[in-house]
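Visitor: Let me begin by handing over the structure; questions about it come next.
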Amino acid sequence: MSEPSELARALAPLRAEYVRRLDEMANRIKPEHFSREPIARTDGGRLVEGEDGFPIRYDVADTNEGYTYEVCSAHDDKPALERLRVGATEVELLPGKWEALVVTCTFDGDPVEEDAQALASLYRAFHELAWHGGFTPRNSTEPWSGRVHQLKVVMTGSAIAAVFDLGTLPASGLDALLRAIDGFGAARAPVAKVVIGGVPPDPNAAV
């Protein structure tokens, strides 16, 4: 097994705290009534989409009471590093919440509309792949699915941000997103910096 990347090691504390809180929540529900990371469906069995257009995946549910529960920490968790590089891209890491982790790309200058939309599409493509388990470890002994839950994309001037509820995605899953952003910056439009963590942008600016 290969060693975790620098990015995965830096973000591991945020995920570990989320999973700890998730386990605590799960332990409050009787095992026979416990549903792990359920997907929202209508009475007819159709998937229910969230604001991002992707089906809603909850943290846990009590099938007896019919309630769903979401982890929502009152404080931010600190990453193991403050700065690193992925390829040619500078990455700054701030305290944040795994269940509402902000990834903000700032362009080198105001982007044209096509480039801004293309980067937003990259966020969504990563989310869709991760939602379907594209980064779930094959030999994981963890009982959780290793999938992301929700996404919101926000555009503000020269910055394009994604607010991810990363669910139980392994920290190494974000390697693919950052490599893709680095490639985007090299091939399409220069990216001055990526910031992971911090305060989510104004949700009223979502695209």
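The values are calculated or read from the model by the stated rules, or taken from the named source; none is laboratory data. Keep in mind it's a predicted model, so treat the numbers as computed, not measured. Here the Cβ positions follow ideal geometry from the backbone for every residue, glycine too, while neighbour counts run over all protein chains shown.
Visitor: Would you pick out the residues in the stretch 151-171 that are modelled with pLDDT of 95 or more and not aliphatic (A, V, I, L, M)?
Guide: Residues satisfying the conditions are Phe164, Asp165, Gly167, Thr168, Pro170.
Visitor: Kindly indicate the residue of the stretch 71-84 that is modelled with pLDDT of 95 or more and part of a loop (DSSP other than H, G, I, E, B) and also farthest from Pro31 (Cα to Cα) among those meeting that condition.
Guide: Glu82
Visitor: Follow-up. Could you tell me which of the residues Lys193, Lys152 is part of a strand (DSSP E or B) and surrounded by fewer than 18 Cβ atoms within 10 Å (Cβ to Cβ)?
Guide: Residue meeting the stated conditions: Lys193.
Visitor: List every residue pair whose Cβ atoms lie under 7 Å apart, where the two residues are 6 or more positions apart in sequence or sit on different chains, the first residue falls within the stretch 67-94 and is over 13 Å from Gly197 (Cβ atoms), and the second residue, located anywhere, is aromatic (Phe, Trp, Tyr).
Guide: Thr68/Tyr58; Glu70/Tyr58; Val71/Tyr18
Visitor: Next question, about the same structure. Only one residue in Thr104, Thr136 is surrounded by 15 or more Cβ atoms within 10 Å (Cβ to Cβ), farther than 21 Å from Val86 by Cα and not hydrophobic (A, V, I, L, M, F, W, C), so which one is that?
Guide: Thr136
Visitor: Within the stretch 55-66, can one find any residue that is part of a strand (DSSP E or B), over 18 Å from the mean Cα position of the chain (by Cα) and touching a residue at least 40 places away in the same chain (Cβ under 8 Å)?
Guide: Checked the stretch 55-66: no residue is part of a strand (DSSP E or B), over 18 Å from the mean Cα position of the chain (by Cα) and touching a residue at least 40 places away in the same chain (Cβ under 8 Å).
Visitor: More than 28 Å from Ser5 (Cβ to Cβ), loosely packed, with under 12 Cβ neighbours inside 10 Å and either touching a residue at least 40 places away in the same chain (Cβ under 8 Å) or hydroxyl-bearing (Ser, Thr, Tyr) (or both), is that true of Thr42?
Guide: Yes; evaluated as a whole, the condition is true for this residue.
Visitor: From the list Ser145, Ser121, which residue is surrounded by fewer than 18 Cβ atoms within 10 Å (Cβ to Cβ), more than 20 Å from Ile196 (Cβ to Cβ) and among the small types (Gly, Ala, Ser)?
Guide: Ser145
Visitor: Another one. Please go through the stretch 1-25 and give me each residue that is touching a strand residue (DSSP E or B) at 6+ places or on another chain (Cβ under 8 Å), surrounded by fewer than 17 Cβ atoms within 10 Å (Cβ to Cβ) and farther than 12 Å from Ala80 by Cα, ordered by number.
Guide: Met25
Visitor: Mind checking which residues of the stretch 87-98 are under 17 Å from Ala161 (Cβ atoms) and either hydrophobic (A, V, I, L, M, F, W, C) or not in a loop (DSSP other than H, G, I, E, B) (or both)?
Guide: Thr89, Glu90, Val91, Glu92, Leu93, Leu94, Gly96, Trp98
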